[in-house]
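Derivation of every value follows stated rules applied to the coordinates shown; laboratory data play no part. Because the structure is predicted, anything quoted here is derived from the model rather than measured. Cβ sites come from the backbone with ideal geometry, for glycine too, and all protein chains shown count toward neighbours.
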Amino acid sequence: MRMHVMKFGLGPLFLLLPAVFPQAGSAQGINELNQREYRACVRQIDIDPNDAFEKALAWQDLGGGAPAQHCAAVALMRLGHYREAATRLEAMAKGMPDDTPPSAVAGVLAHSGIAWLEGGDAERAYAVQTSALALTPKNPDILADRSMTLAQLDRYWEAVDDLTRALDVDDSRVDLLVLRASGYRFINADDLALEDLERALTLDPGHPEALLERGIQRRLVGDLDGARADWLELIRLHDGRPAAEMARRNLEKLELGTE
């Protein structure tokens, strides 16, 4: 199932740092120091993930704790070592103190789930994401992540159900509407798919993935002119982006009659 993958984020752990350090003596200073170190480590991932990984390991040896562990794991993800990253993140979540907020543990498990999915183990990703949702049942991002895992497992109805639950939390999320439309496409619910896409494009008229998906849906229901118009608009607005390149390929197939 082709679904528009949402990249994992690094920000949430900043909010969780005070919960995973001692709260006595000079703890506040330690927290602030570790936050600075963590931010520097995350920035280095974008510059040189190998260097970030080595620095995170050294920091961990010096007592960097959860922030150092998390940075090392994310660096591994950036380097393509998904299964190793997933294992580290899962172990990190299990080792967090009992008084850690559930949302903190869920966030780390969610990153582990993404890594398992990227590493080709959708079953393990589903198990980890389900554990994360047991801690934060209404987290729309984790629900969206699990929906993509379910799609990889050909469990399209359940994927749609997760996205519906996510949209119940925030029905203005264009990315979730586009994802659910993709899910509806695979269960042949064309009217519902187009309804989601019309709402998405009302909220964000130039959204690239929404234009791409609506073009696909229009082609499926025989509206070839509508599909062509969506894909041409996408290329006009977002030429060079992956969605525009996919639109260009779809247009070529449409013109050749191979769709």
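A few notes on this one:
- Take each peptide in 50-56, 247-253, count the other Cβ atoms within 10 Å of every residue, and average; sorted highest first, the result is 50-56, 247-253.
- Lysine pairs in the chain whose alpha-carbon atoms fall under 29 angstrom of each other, counting only those eight or more residues apart or on distinct chains, come to 6.
- Per the Debye formula on identical point scatterers at the alpha carbon atoms of region 44-185, with no solvent, log10 I(q)/I(0) at q = 0.09 Å⁻¹ is -0.29.
- Comparing Leu201, Leu62, Leu212 in a Gaussian network model of the chain, where Cα atoms under 10 Å apart are tied by springs, the biggest mean-square fluctuation is seen for Leu62.
- Computed E for Ala58/Ser172 - FRET, C-beta separation, R0 45 angstrom, nearest 0.05: 0.55
- Recomputing semi-axes √(5λ) of the Cα gyration tensor in Å from the coordinates shown identifies the correct label among (1) 31, 19, 17; (2) 39, 19, 16; (3) 28, 22, 18 as (2).
- Among Leu176, Leu109, Leu224: highest mean-square fluctuation, GNM of the chain, C-alpha pairs under 10 Å: Leu224
- Charge dipole (debye, nearest 20) of the chain; +1 at Cβ of Lys and Arg, -1 at Cβ of Asp and Glu: 380
- Euclidean distance between Cα centres, region 44-71 to region 107-134, Å: 22
- Assigned charges on the beta-carbon of Lys, Arg, Asp, Glu; region 171-259 dipole about Cα centre (debye): 220
- Exposure proxy order (Cβ contacts within 10 Å, fewest to most) of Trp157, Trp116, Trp59: Trp157, Trp59, Trp116
- Calculated diffusion of region 118-259, Stokes-Einstein form, Kirkwood radius summed over Cα pairs, 25 °C and 0.890 mPa s, µm²/s: 156
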